[in-house]
Amino acid sequence: MNNLMRLRPFAKCLNSRKLHFAKYILDAENKQLYEDVFPDICMNDIKKLWKSPPQCIYAGFDPTAESLHIGNLLILINLLHWQRCGHEVIILLGGATGLIGDPSYRKKERVEIDQIILKENLECIRNDIKTIIRNHTQYFCKNHNHLIPIKILNNLQWYKDMNLLSFIKDVGKYFRMGTMLGRTSVRARLESDNGMSFTEFTYPIFQGYDWLHLQRTYNCNFQVGGQDQMGNIISGYDLVTKYTKNQVYGLTLPLITAEGGKKFGKSTGNAIWLSPAKSSSFQLYQYFMRVEDADVEKFLHFFTFLPLVKIKKIIEEHFKKPELRIAQRNLAEKVTILVHGEAGLIAAKRASAILYDKSIDSLAKMNANELVQILEGANLIELLSEPGINVYELAMKANCFKSDYDARRIIEAGGFYINYQKITNMEEVVVPGIHILNNNISLLRVGKKTYHIVHWI
């Protein structure tokens with residue numbers, strides 16, 4: 001299929017203006033923009049099925065951590081677009097496959113997860129997904145009565161009582177060794193010093209069977225995943241089409257990278273998590289506020305439910321004054337409210353005002369623990385209120401300086417701040433309402449980045 005046919009629906013919507021980030025486009029208005037489609041020769045059939053709801057689509061998530069991250073969010077949002085257009089959506093949690101571990105594009109085997117931890121991870125991820133579904137319904141879908149409820153399943157349900165010999169005999173025979181060994185990620189691991197265990201090698205068989213089970217039980221003919229999942233999706237496609245003789249389809253979305261172009265990952269330590277216990281709404285908000293101008297239009301398409309006309313208008317306004325970051329602000333607000341709700345967005349904006357706008361009003365509305373999350377590395381100390389305490393005494397009690405000499409030198413040189421106000425008089429008396437805010441907080445800063453939070457008790 002040629003590129004013109006793939007782009008035709010979108011070109012019509014944007015007066016022949018092309019998006020260079022989408023190789024395959026089912027429906028531009030409803031954000032069906034994909035990195036790859038398999039088999040791509042069936043693109044016209046896929047478009048017809050998309051326009052004939054309800055179809056059934058699923059995506060799977062293994063509980064290898066206690067939260068999903070924003071790379072996974074892209075897939076969840078895509079599933080919500082399917083739901084909005086009348087389709088049936090299944091989110092599959094890997095209670096079984098999480099015990100095996102997906103080896104795709106990994107340099108070494110995953111650390112085995114204890115079953116108790118895996119069960120806890122499952123519940124955390126399930127709760128985060130439910131929160132996103134609920135926020136979508138509340139904030140982004142006014143006419144939600146027509147939505148088919150999303151099913152959240154656990155693949156351990158069909159594996160826990162399965163007979164091993166029957167599984168190998170009935171399912172294993174559909175997988176060819178040559179094909180499995182020929183996968184790029186498998187070859188790379190086999191040629192490495194770490195090699196690959198039989199456990200990891202079987203992972204595509206289990207993921208493939210998941211699709212077979214869903215197809216037979218729910219008539220699920222579509223699977224969507226990240227770009228790195230295409231190998232596993234093809235394995236499932238081969239199994240389902242051979243076993244059932246039914247046509248099914250695989251779709252992949254582009255991988256979302258961290259700042260600097262690195263892939264997000266739990267093991268690389270650069271993930272922005274969806275759980276508020278792992279990443280605050282402020283961290284999520286600021287990630288999208290820092291998206292580069294070259295990427296912001298793409299992100300608005302992938303991460304929001306805004307119509308094309310609205311996105312086009314936002315981008316036009318943005319580039320009139322790019323320093324205002326109008327597009328990034330729209331993006332950050334929409335994503336934050338989807339993941340954390342309205343309260344999370346308010347907290348993220350308040351934190352941003354404290355850190356970047358130096359807003360005293362916002363600072364006075366935060367508690368000590370919230371400030372610790374925002375000001376990474378800040379020291380928190382509780383002090384008894386003492387009438388007549390001066391700036392020098394406060395600084396020393398809060399451990400702002402290593403020595404008396406450093407305190408006097410830095411304060412007198414203008415390197416000490418209380419609630420964003422420069423203080424140079426060491427004998428200045430600490431006054432409630434000025435140095436101590438209404439929330440009983442004093443924010444001390446030494447130099448440009450070293451913060452100390454004083455909670456008065």
Which links in Lys151/Lys312; Lys31/Lys321; Lys334/Lys365 stretch past 31 Å when you go from one Cα to the other? Lys151/Lys312
Only four residue types carry charge here, +1 at the Cβ of Lys and Arg and -1 at the Cβ of Asp and Glu. Report the dipole size of the chain about the Cα centre in Debye, rounded to the nearest 20. 1660
In segment 134-183, carbon and sulfur make up what percent of the accessible area (probe 1.4 Å)? 57
Under the Karplus curve 6.51 cos²θ - 1.76 cosθ + 1.60, θ = phi - 60°, whole-Hz ³J(HN,Hα) for segment 54-65, x wherever Gly or Pro sits: x, 8, 10, 10, 9, 9, x, 9, 7, x, 7, 8
Counting only protein heavy atoms, what percent of the accessible surface of segment 345-445 is carbon or sulfur at a 1.4 Å probe? 47
Scanning the chain for GluC sites (Glu not before Pro) in DSSP loops with at most 15 other Cβ atoms within 10 Å, what's the longest stretch left with none? 293-375
P(r), alpha carbons of segment 355-417 - 5 Å bins starting at zero, rounded %: 3, 13, 21, 20, 25, 14, 3
CD proxy at 222 nm, helix term only [per DSSP H run n ≥ 4: -39500 (n - 2.57); per residue of the chain; nearest 500]: -13500 deg cm²/dmol
Taking a probe of 1.4 Å, how large is the accessible area per residue of the chain, in Å²? 49
Could you tell me which residue out of Asn121, Gln157, Ser185 lies farthest along the dipole of segment 22-253 toward its positive end? Charges go on the beta carbon: Lys and Arg +1, Asp and Glu -1, centred on the Cα centre. Gln157
Cα-centred dipole magnitude for segment 342-457, charges only on beta-carbon of K, R (+1) and D, E (-1), debye, nearest 20: 340
Antiparallel %, DSSP beta bridges [both residues in the chain], to 5: 45
Rounded to 0.05, the calculated FRET efficiency for the beta carbons of Gln138 and Asn44 at R₀ = 30 Å is 0.25
Sorting Ala364, Gln283, Tyr34 by the position of each Cα along the dipole of the chain (Lys, Arg +1; Asp, Glu -1; all at Cβ), the one nearest the positive end of that ordering is Tyr34
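The values are calculated or read from the model by the stated rules, or taken from the named source; none is laboratory data. Given the structure is predicted, the values throughout are model-derived calculations rather than measurements. Note: ideal-geometry Cβ built from the backbone for every residue, glycine included; neighbour counts use all protein chains shown. These accessible areas exclude ligands, DNA and RNA; they are computed on the full protein's heavy atoms, side chains included. Shrake-Rupley method; radii C 1.70, N 1.55, O 1.52, S 1.80 Å.
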